[in-house]
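The values are calculated or read from the model by the stated rules, or taken from the named source; none is laboratory data. Note that the structure is a prediction, hence the values are computed from the model and not measured. Here the Cβ is made from the backbone with ideal geometry for all residues, glycine too, and neighbour counts use every protein chain on show.
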Amino acid sequence: MKISRIHRTARGAALAAALLVAAAVCPVSGDAAAGQDRRIQTMVIDPGHGGMETGAKGKFGNLEKDITLAISLKLKAIVERNMGFEVVLTRDKDVDVSIENRSAIANNRKAGLFISIHANGAVQKKAAGSETFFLSLNATDEETRRLAYLENNSSELQSRLDPSSDDDLMMILWDMAQTAYIKQSSRLAELVQEELDAMLGTRNRGIKQAPFKILTGVACPAILVEAAFISNPAEEQKLASADFQAKIAEAIYRGLARYLRVPE
Ligand SMILES: [Zn+2]
């Protein structure tokens, strides 16, 4: 086999390999992307964090990883009961899953929708409310940039799980996968956020764009929900209650149902 010059450096080889992977998951045409939401067979729900990577921690000791799993299990049950497609969780127990593996699960299962569930954290204890994100390489504001940094680097575990990955390079390349779906992701974010606002009775922080790594590699409409602030003691207690978790799951489900009924 003829080997071109770029393959002679390790970085060149990594680049070529990453391009091949990105090309394999990237949709071929805009039409394929537009039709995707009407032919969904599988949806992926991603409970944020897990295992040694706990996510944010509340004053009362509640961990983001446990709350995201509880909400995700409830959402899975509602979707399976009311919609005719398969729901895959990126984890269904308290285990570590790398960011790359989470998007790989969605792409390997040919998911038609991807929803990542999180609980927010901020230094300001008063910060409160729900917000929904879709991907952008530029953050909406400084606060959002900080949140994306925290979610992308919430532990050193990521680099230990995948020491070979060149994060910056991978992020730019994988971004190609989500780029075709930005419009649909933005619509899904808008509808889910409207339902969270109607259902939760908490502050509506709106929809935002941020460079979340978890969304970059997903080749279907994808959003990240920050349901409420675990760093706010009042919201932490709500997040820990099964009732509030069920309301979050129901709100996301309603947004999803509206999205599927109203194609672009
Ligand atoms: Zn998180």
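Look through region 96-130, keep the residues that are more than 12 Å from the ligand (Cβ to nearest atom) and part of a strand (DSSP E or B), and return whichever of them is farthest from residue 76 (Cα to Cα). Residue satisfying both the conditions and the ranking: 130. Scanning region 118-130 finds no residues that are of a type in the set (Gly, Ala, Ser), modelled with pLDDT under 95 and touching a His at 6+ places or on another chain (Cβ under 9 Å). Residues that are modelled with pLDDT under 95, polar (S, T, N, Q) and either more than 25 Å from residue 219 (Cβ to Cβ) or in contact with a Gly (Cβ under 6 Å, 6 or more places away or on another chain) (or both) do occur in region 32-53, at least one of them.
Per-residue answers, yes or no, for (1) more than 16 Å from residue 116 (Cβ to Cβ); (2) modelled with pLDDT of 95 or more; (3) in contact with a Pro (Cβ under 9 Å, 6 or more places away or on another chain):
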{"site": "193", "(1), (2), (3)": "no, yes, no"}
{"site": "204", "(1), (2), (3)": "yes, yes, no"}
{"site": "209", "(1), (2), (3)": "no, no, no"}
{"site": "228", "(1), (2), (3)": "no, yes, no"}
{"site": "233", "(1), (2), (3)": "yes, yes, no"}
{"site": "242", "(1), (2), (3)": "yes, yes, no"}
{"site": "249", "(1), (2), (3)": "no, yes, no"}
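The numbered conditions (1) at pLDDT below 85; (2) in a helix (DSSP H, G or I); (3) within 13 Å of the ligand (Cβ to nearest atom) are all true for residue 160 except (3).
For region 95-142, taking the residues that are of a type in the set (Val, Ile, Thr) and touching a helix residue (DSSP H, G or I) at 6+ places or on another chain (Cβ under 7 Å), the one that is farthest from residue 238 (Cα to Cα) is identified as 99. Residues 202, 179, 216: which one is within 24 Å of residue 149 (Cα to Cα) and more than 14 Å from the chain's Cα centre (by Cα)? Answer to the check: 179. Of all residues in region 172-225, those being assigned to a loop (DSSP other than H, G, I, E, B) and without any contact (Cβ under 8 Å) to a residue 60 or more places away in the chain number 1.
Just one of the numbered conditions (1) more than 16 Å from the ligand (Cβ to nearest atom); (2) among the hydroxyl-bearing types (Ser, Thr, Tyr); (3) farther than 24 Å from residue 42 by Cα; (4) modelled with pLDDT of 50 or more is not true of residue 144: (1). Residues in region 83-134 that are of a type in the set (Val, Ile, Thr), touching a Gly at 6+ places or on another chain (Cβ under 7 Å) and surrounded by fewer than 17 Cβ atoms within 10 Å (Cβ to Cβ): 95 alone.
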